[in-house]
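Heads up, the thing below is written out as structure tokens.
Readers should treat all values here as calculations from the given coordinates under stated rules, not as data from a laboratory. Because the structure is predicted, anything quoted here is derived from the model rather than measured. Cβ coordinates were reconstructed from backbone atoms using ideal geometry, including for glycine residues, and neighbour counts include every protein chain displayed.
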Amino acid sequence: MTSTVLVAGATGDLGHRIVRELLTADPGISLRVLTRPGSGTADGMYADEERVAVHEAAYADHAALVAALSGADVVVSALSGARSVIVDAQRALLSAAVEAGVRRFIPSDYSADYRRITPGSNRNFDLRRDVAAELDAAPLRVTSVLNGAFTDMLTGQAPMILFRRRRVLFWSSPDQTLDFTTKDDVARVVALTALDDTAPRVIEVAGDSVTARDIAHTLTDLTGTPFSTQWAGTTGMLSGMARIGRRVSRDEDATFPAWQGMQYFVSMFSGEAELRHTDNDRYGTHRWTSVRDVLAAHLGGAPA
Ligand SMILES: NC(=O)c1ccc[n+]([C@@H]2O[C@H](COP(=O)([O-])OP(=O)(O)OC[C@H]3O[C@@H](n4cnc5c(N)ncnc54)[C@H](OP(=O)(O)O)[C@@H]3O)[C@@H](O)[C@H]2O)c1
């Protein structure tokens, strides 16, 4: 039985949603959030929530981490960053979890399927794969949640839809299936996974799976004006651009530099990162937020 869950990175965008979902899913659950000294937001964020205890520890302070994790059944990582965070901080978290006797660990994956991608083609996915190798060798149970891209990014960070020019960009094929799940839907699955002692090594979910052509049709339907797909090159060309961008930029430690965004599209449009074993009903029927819902909300219309 899971009675105590610790969420690391609970001050973050996804992390605070996971905490909210955990509190809703299980009224009896005891929650800890792990935050770095000086991070500064956890106390204020959770001040009104009696069931949440804030623990401060630096990832370099093994003893403090072990103390924070002692008594927890499950550790949920929602950390975000490049190698120093995804590999180094999560390695520290894992080591402390093992010493503290934590039974289960959910790493900060929350991505498309990084397991089959060509090595070197997506930096953030390579980092996840490095961590997965260590997790698989650790004496505790691990569950990764794979969800494709966050749908929310279609109207923000991911420059695939050119709303003003009424174009939807694609690389190589407009008919490649792309998996999307909203942050809120991901958070729900992560919370339910944390409470599920029978969770397998990987849980794949997709709030929606659509092609660039589908997205253009949806936008045409929602706006009443035609949106068309536009070839932006091949995934090979985009991969080359990302390689050059990475070489000339000095932002190797940035979490999402422009070249990393290109690499994400390469993984998605090549089909290498497509989800193949989605299990959307694992935690019962749920009204998943679709790509259409997100686009409709962005355009100001009611979800259809
Ligand atoms: N699939 C997708 O499309 C997609 C899109 C975006 C993000 N993601 C993934 O979702 C996960 C969460 O991302 P997010 O956007 O919610 O992250 P975020 O808002 O940036 O927050 C992550 C948390 O990580 C902790 N953190 C930041 N820098 C750190 C460091 N140097 N060392 C240790 N901890 C650090 C912070 O917690 P404290 O300050 O409290 O310590 C922070 O609140 C990540 O795995 C990210 O890659 C996926």
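Under unit Cβ charges (Lys, Arg +1; Asp, Glu -1), what dipole magnitude, rounded to 20 debye, does the stretch 55-105 have relative to its Cα centre? Intermediate results must be reported in sequence, preceding the final value.
Values: 4 positive and 5 negative charges, 43 e Å.
Result for the stretch 55-105 is approximately 200 debye, rounded to the nearest 20.
I'd like the orientation of helix 123-136 relative to the chain: the angle between its Cα long axis and the longest Cα principal axis, in ° from 0 to 90, rounded to 10.
Helix 123-136 sits at roughly 40 degrees to that axis.
Is the shape of the stretch 226-278 best called rounded, prolate or oblate, per the rule: a/c under 1.5 gives rounded, else a/b larger than b/c gives prolate, else oblate, with a ≥ b ≥ c the square roots of the Cα gyration tensor eigenvalues? Don't skip to the end; give the middle numbers.
Values: a/c = 2.09, a/b = 1.39, b/c = 1.50.
Oblate shape, in that a/c is at least 1.5 and b/c is the bigger or equal ratio.
Size of the dipole of the stretch 68-137 about the Cα centre, Lys and Arg at +1 and Asp and Glu at -1 on the beta carbon, nothing else charged, in debye to 20? Before the final figure, lay out the partial values.
On the way: 9 positive and 9 negative charges, 34 e Å.
For the stretch 68-137, the charge dipole is close to 160 debye.
How big is the charge dipole of the stretch 151-251 about its Cα centre, in debye rounded to the nearest 20, if each Lys and Arg gets +1 on its Cβ and each Asp and Glu gets -1 on its Cβ? Mind showing how you got there, number by number?
Values: 12 positive and 12 negative charges, 171 e Å.
Charge dipole of the stretch 151-251: 820 debye, to the nearest 20.
Find how much the distance from Ala137 to Thr4 grows on full extension, using 0.36 nm per residue of separation minus their present alpha carbon separation; answer in nm with one decimal. Write out the running numbers ahead of the final one.
Numbers: separation 133, 0.36 × 133 = 47.88 nm, distance 2.38 nm.
Result: 45.5 nm gained on full extension.
Residue farthest toward the positive end of the dipole of the chain, with Cβ of Lys/Arg at +1 and Asp/Glu at -1: which of Ala82, Gly224, Ala112?
Projecting each Cα onto the dipole axis, the largest value belongs to Gly224.
Provide the FRET efficiency to the nearest 0.05 for the Ala67-His286 pair, computing r from the beta carbons and using R0 = 45 Å. It would help to have the intermediate numbers written out before the result.
Numbers: r = 37 Å, r/R0 = 0.82.
Approximately 0.75, to the nearest 0.05.
Hey, can you rank 77-85, 49-57, 174-182 by average C-beta count inside 10 Å, highest first? Could the numbers behind the result be given before it?
Values: 77-85: 18.7, 49-57: 16.0, 174-182: 21.2.
Going from most to least packed, we get 174-182, 77-85, 49-57.
How much length, in nm to one decimal, is gained on full extension between Ser249 and Arg276, taken as 0.36 nm per residue of separation minus their Cα-Cα distance?
Working: separation 27, 0.36 × 27 = 9.72 nm, distance 3.42 nm.
Result: 6.3 nm gained on full extension.
What FRET efficiency would be calculated for the residue pair Thr198, Arg20, taking the C-beta separation as r and a Förster radius of 35 Å, to the nearest 0.05? Mind dumping the intermediate values first?
On the way: r = 24 Å, r/R0 = 0.68.
Result of the calculation: an efficiency of 0.90.
With the dipole of the stretch 185-290 worked out from charges on the C-beta (+1 for Lys and Arg, -1 for Asp and Glu) around the Cα centre, which of Phe256, Ala242, Gly271 lies farthest toward the positive end?
The residue sitting farthest along the positive end of the dipole is Ala242.
Starting from the Kirkwood Rh over alpha-carbon pairs, what translational D in µm² s⁻¹ does the stretch 108-148 have by Stokes-Einstein at 37 °C and 0.692 mPa s?
307 µm²/s
By count of other Cβ within 10 Å, fewest leading, how are Met262, Met45 ordered? Could the numbers behind the result be given before it?
Numbers: Met262 23, Met45 18.
The most exposed by this proxy come first: Met45, Met262.
How long, wide and thick is the chain, going by the Cα atoms along their three principal axes, in whole angstroms, largest first?
Over the chain, Cα extents along the principal axes are 57, 44, 35 Å.
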